[in-house]
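The values are calculated or read from the model by the stated rules, or taken from the named source; none is laboratory data. Bear in mind the structure is a predicted one, so any value in this text is a computation, not a measurement. With ideal geometry, Cβ positions are generated from the backbone for all residues, glycine too; neighbour counts draw on all protein chains shown. The accessibility values were calculated without ligands, DNA or RNA, using every heavy atom of the protein model including side chains. Shrake-Rupley method; radii C 1.70, N 1.55, O 1.52, S 1.80 Å.
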Amino acid sequence: MLSDSQVVLAFKEVWKKYSLHDVTYRSLREDIVRLFKGNGKKLKKGEFWALKNVTFKLFKGECLGLYGPNGAGKSTILKLIASVTYPTIGSVEVNGKVAPLIEVGAGFHPDLTGKENIFVNGTIIGLRIKEIKSRLEDIIAFSELGPFIDTPVKKYSSGMYLKLGMAIVLHSNADILLIDEILSVGDKDFQKKCVKALQGVTKEGKAVILVSHDMNLLRELTNRIIYIEKGEIVGEEY
């Protein structure tokens, strides 16, 4: 039985409201206003619940899978953990550093080279310059982008973005890794390498949340799968 001392993340009765008009560019501002005004569970015109009463815990060394149809609320959960947005109701408690890999290419500057972006992205997720320098060769080797590491990333394919992003996240000091559907972008050999690496980081005590529509991948890699539909947890599989 896992104890509360091993909890690195806790969702407590979390509700998340969005507006159909503002979801793409005003959600953060609305969240800040709601923090001060307070908010009930009533919906105004054009609003909808992205999450409804979501409660779960994530433990050290656990790989948790999130599974559900598009629009179920999976990515909203990751954004709440990464502090991209905030709950309308309830709380999200994060105990440790978070390294999100939510979108292919997110956090990269298109005009900078792959190597330069390792430093930029690495500092964003909490690595010191000294730490990045000490891990640089390992990051480049894992990414398999040696011949292209000094090329501006705007010339990279989506698969190359994935490889660089995964290499940085896997060599971070983060306690919680967030990976959203992007493993499907990579080739099979690289996917297998990522699975092995993720199994390694959980053995080190780090926690992983993996979002995927690939049930075979989730069952191979995760300790537990949470099923989400229409913003609600509808089941779990161990």
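List of remarks:
- Average Cα contact separation per residue, the chain, under 8 Å, 6 or more apart, as relative contact order %: 29 percent
- The listed residues E229, E204, once ranked by accessible area (1.4 Å probe) with the largest placed first, stand as E204, E229.
- Accessible area of the chain belonging to carbon and sulfur atoms, whole % at 1.4 Å probe: 52 percent
- Long-range Cα-Cα pairs in region 47-104 (distance over 14 Å), rounded percent: 61 percent
- Order of exposure, largest accessible area first, which applies to F11, F48 with probe 1.4 Å: F48, F11
- Rg and Dmax over the alpha-carbon atoms of region 97-232 stand at 14.6, 45 Å.
- Solvent-accessible area per residue in the chain equals 51 Å², computed with a 1.4 angstrom probe and all protein chains kept.
- For K17, a cut-off of 12 angstrom between C-alpha atoms picks up these aspartates and glutamates, skipping any fewer than 8 places away in its own chain: E30, D31, E47.
- Straight-line cross-link partners of K133 among the lysines, defined as a Cα under 27 Å from its Cα and at least 8 positions apart when in the same chain: K97, K115, K154, K155, K163, K192, K193, K196, K203, K206.
- In Å², nearest 10: area of T202 left accessible to a 1.4 Å probe: 30 Å²
- Net charge of neighbours whose Cβ lies under 13 Å from the Cβ of L112, counting Lys and Arg as +1 and Asp and Glu as -1: 0
- The heavy atoms of K133 present about 140 square angstrom of accessible area, all protein chains included, probe 1.4 Å.
- Evaluated on region 77-164, the Kirkwood hydrodynamic radius is 14.3 Å, with distances taken between all distinct Cα atoms.
- Solvent-accessible ranking of K130, K16, largest area first, probe 1.4 Å: K130, K16
- Taking other residues whose beta carbon is less than 12 angstrom from the beta carbon of E181, and scoring Lys, Arg as +1 and Asp, Glu as -1, yields -2.
- Three-way shape label, region 183-238, alpha-carbon gyration tensor, a/c 1.5: oblate
- Other residues with beta-carbon under 13 Å from the beta-carbon of S172 carry, at +1 per Lys or Arg and -1 per Asp or Glu, a net charge of 0.
- Average projected area [Cα convex hull, the chain], square nanometres: 13.6 nm²
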